[in-house]
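Accompanying notes for the structure given below.
The values are calculated or read from the model by the stated rules, or taken from the named source; none is laboratory data. Values in this document were obtained by computation on a predicted structure and should not be read as measured data. FYI the Cβ positions are ideal-geometry reconstructions off the backbone, even for glycines, and counts take in every protein chain you see.
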Amino acid sequence: MKVFTTANTKFLFKNIGILIFYLLIWQFAYTIVQKDLYLPSPWQVLQRLAELVRELHFWQAVAFSMYRVGWGIALSVVAGVVLGVIAGWSNLCYNLLQPLVTAIKSTPVISFIIIALIWFSSFNAPVFICILMCFPIIWTNIVTGIRQVDQKLLEMAQVYRVKRPAVWHRIYLPSLLPYFTAAVVTSLGLGWKVSVAAEVLSHPQHAIGSQLNSSKVYMDAGGLFAWTLVVIFLSLLLEKILAHCLNKLNKRGSGYAKDQD
């Protein structure tokens, strides 16, 4: 327990030291620029953030942005897992979907955002963009996980006539979980970025992206930096929480597979 506590303390102090280092660089850059419109000081940004936190529209923007990202990630996970499993087992499905996934990866995000603004309302456009950008990550990882399954284990299961549910839990699930975990965590970070970018252009009523755009229009540099910090903080926080939950699921899946052996 003492070793664990000491390691956590060292990790905490290391991160605090890194944070102070970059804050000092930020403050040094501010003293050189000396123009709040271009680069506000860390203290000014924290003050503006403290003002925003006390306002109702701040929490409305955060809640609705998280709602959109949540829906986008959830739908992309469902579509990516279902189609990824099918494509992993069927070469025909893989050959049909692979060009589409490649095209999505190769197309600039701004092109999809403009198309989404034509097809959808300002509220739903960020959700569509989040699905479109995250689906290829989920799909690719699921297909890779399916195809990385040990073929000798599958042949052995076929010889001993192991039932399909048991094959799924004992062979496929342990292979898929690490790929699934990495894909979802990566998608969450990407989903935040593209959703906020879509909100900046679509400008829905309650959204972090809308607040970023308004800060730019009114030349509120402190607000612009404060909202950017909110995006970074929420992205890191949600990634940590999601990674922790998925790692627990990963361990349970591996433990279940071992118990069944």
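Summary of computed values
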quantity: Yes/no for V167 being at pLDDT 85 or above and either crowded, with 17+ Cβ neighbours inside 10 Å or in a helix (DSSP H, G or I) (or both); calculated: no
quantity: Cβ pairs under 6 Å, 6+ apart, first in region 18-43 and under 22 Å from K216 (Cα atoms) and hydroxyl-bearing (S, T, Y), second surrounded by 10 or more Cβ atoms within 10 Å (Cβ to Cβ) and at pLDDT 85 or above; calculated: none
quantity: Filtered residues of region 16-42 (kept if surrounded by fewer than 12 Cβ atoms within 10 Å (Cβ to Cβ), within 21 Å of S215 (Cβ to Cβ) and at pLDDT 85 or above); calculated: none
quantity: Criterion (among the aliphatic types (A, V, I, L, M), surrounded by 16 or more Cβ atoms within 10 Å (Cβ to Cβ), under 20 Å from the mean Cα position of the chain (by Cα) and more than 23 Å from G145 (Cα to Cα)) met by exactly one of I113, I73; calculated: I113
quantity: Qualifying residue in region 98-107 (condition: over 19 Å from S187 (Cα atoms) and at pLDDT 90 or above); calculated: yes
quantity: Residue satisfying all of: in region 175-199; among the β-branched types (V, I, T) and more than 9 Å from the chain's Cα centre (by Cα); modelled with the lowest pLDDT among these; calculated: T181
quantity: Filtered residues of region 63-88 (kept if of a type outside the set (A, V, I, L, M, F, W, C) and touching a helix residue (DSSP H, G or I) at 6+ places or on another chain (Cβ under 6 Å)); calculated: S65, R68, G72, S76, G80, G84, G88
quantity: Top-ranked residue in region 215-248 [being at pLDDT 85 or above and of a type in the set (V, I, T); ranked as surrounded by the fewest Cβ atoms within 10 Å (Cβ to Cβ)]; calculated: I232
quantity: Selection within region 40-95 - basic (K, R) and in a loop (DSSP other than H, G, I, E, B); calculated: R54
